[in-house]
Amino acid sequence: MENESHNTSFFYHQSVMTQEILDSIDYCPHISFKDFLGIDATLGGGGHSYQLLKKYHNLKIIGLDQDPDARNASIANLKEFKNRITINAFNFADYIPEKKVSFVIADLGVNSNQLGNPERGFSFLKDGPLDMRMNPSLEITAEKLLKQISEKDLADLIYEYGDERLSRKIAHKIKKELQEKGNFSGTKELAYSIAGCFPPKQRYRRIHPATRTFQALRIAVNREIDVLKKLLDNAPNWLMPGGIITIISFHSIEDRLVKNHFRNDMRLIPITKKPLTPSASEILENKRSRSAKLRIAQIK
């Protein structure tokens, strides 16, 4: 297990659909193997891996995460299983395992630490820099993206990744204010600017009017759709016959990609015809779980 010194004072993440993840592994024909090996492609704080290692005493896990704070938190949270988990600093799109595994799990959601730590710039609830990088070593931040992208491409991005019908109006205002005033001071100022594109009655609804635009920018900064496509292409090659892929997605773009790939990839057999969703009790306990959708496929 690697050793890191990054700050985890902000780190807290409540994993979603943990029971469904555990249940999905029951489809693996290799559970009784002495060398039962799986990949947690989005380790986060280690919540899913913790429960898997606790349930399966013969299991070893390869944990991947590009966020140093998440890796550091996992080292602490999984210390009792340190002999059965290896934690690697990888974006799952770039990983190649040394040998075949029995399962791959991936939780595509933004973790609570990333949303709750204003220094990461994912949220406008507290002011922070326009960053949004899951991997702090990436070159392009949200601030740089807004400066470099054309108005048309920004509008297309907000529409495609945020499903935002006012995308052209928002893109025009953002680029106009950048030209006239310079960089936005942070997440709150950008969110305020976006909210100004909406009629007054729509600015104070349950969902903040900047939410979809922030989602779109985050997806673009981290190339989330591209890396998901790469995972879907590569993961079947990581699996032994009968191995399982379990993916939790949080918005329609991701879920549609997973659904179509599981249906069309000749290497896979879809196990879930429709996505599994969180129980009512889980949604009450963790509101961020409400948009989660879990799909399972098995390698032939």
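The values are calculated or read from the model by the stated rules, or taken from the named source; none is laboratory data. Remember, it's a predicted structure, so these values are computed and weren't measured experimentally. Here the Cβ is made from the backbone with ideal geometry for all residues, glycine too, and neighbour counts use every protein chain on show.
Whether any residue in segment 254-272 is surrounded by 19 or more Cβ atoms within 10 Å (Cβ to Cβ), acidic (Asp, Glu), over 28 Å from Thr141 (Cβ atoms) and in contact (Cβ under 8 Å) with a residue 40 or more places away in the chain is what I want to check. No, that holds for no residue. Phe122 fulfils the conditions (1) within 30 Å of Leu294 (Cβ to Cβ); (2) over 16 Å from the mean Cα position of the chain (by Cα); (3) not assigned by TED's automatic domain parsing to the domain that holds Asn58 except for a single criterion, (2). The set of residues from segment 104-140 being among the aliphatic types (A, V, I, L, M) and assigned to a helix (DSSP H, G or I) comprises just one member, Leu115. Considering Asp127, Asp163, Asp156, the condition of being surrounded by fewer than 19 Cβ atoms within 10 Å (Cβ to Cβ) and on the phi > 0 side of the Ramachandran plot is satisfied by Asp163 alone. Within segment 37-74, the set of residues being assigned to a helix (DSSP H, G or I) and either surrounded by 20 or more Cβ atoms within 10 Å (Cβ to Cβ) or of a type in the set (Ser, Thr, Tyr) (or both) comprises Gly47, His48, Ser49, Tyr50, Leu52, Leu53, Asp69, Ala70, Arg71, Asn72, Ala73, Ser74. Hey, does segment 170-177 have a residue that's crowded, with 16+ Cβ neighbours inside 10 Å, in contact with a Lys or Arg (Cβ under 6 Å, 6 or more places away or on another chain) and closer than 14 Å to Gln215 by Cβ? Scanning segment 170-177, I find no residue that is crowded, with 16+ Cβ neighbours inside 10 Å, in contact with a Lys or Arg (Cβ under 6 Å, 6 or more places away or on another chain) and closer than 14 Å to Gln215 by Cβ, so the answer is no. Determine if segment 279-299 includes at least one residue that is buried (at least 21 other Cβ atoms within 10 Å of the Cβ), more than 30 Å from Ile140 (Cβ to Cβ) and in contact with a Gly (Cβ under 6 Å, 6 or more places away or on another chain). Checked against the condition, which is being buried (at least 21 other Cβ atoms within 10 Å of the Cβ), more than 30 Å from Ile140 (Cβ to Cβ) and in contact with a Gly (Cβ under 6 Å, 6 or more places away or on another chain), segment 279-299 yields at least one hit. Looking only at residues in segment 280-298 that are in a helix (DSSP H, G or I) and of a type in the set (A, V, I, L, M), the one that is farthest from Ile21 (Cα to Cα) is Leu284. Return yes when Glu282 is charged (D, E, K, R) and touching a Ser or Thr at 6+ places or on another chain (Cβ under 7 Å) and no when it is not. Answer is yes for this residue.
Taking segment 183-207, which residues are hydrophobic (A, V, I, L, M, F, W, C) and without any contact (Cβ under 8 Å) to a residue 60 or more places away in the chain? Residues satisfying the conditions are Phe184, Ile194, Ala195, Cys197, Phe198, Ile207. How many residues are of a type in the set (D, E, K, R) and not in a helix (DSSP H, G or I) when one looks only at segment 75-103? Residues flagged as of a type in the set (D, E, K, R) and not in a helix (DSSP H, G or I) within segment 75-103 amount to 5.
If the condition is being free of Cβ contacts under 8 Å to residues at least 60 places away in the same chain, closer than 24 Å to Lys273 by Cβ and not aliphatic (A, V, I, L, M), then segment 217-240 contributes Lys229, Asp233.
If I filter segment 78-110 down to residues being under 23 Å from Arg295 (Cα atoms) and of a type in the set (Gly, Ala, Ser), which single residue comes out as farthest from the chain's Cα centre (by Cα)? Applying the filter and picking the extreme gives Ser102.
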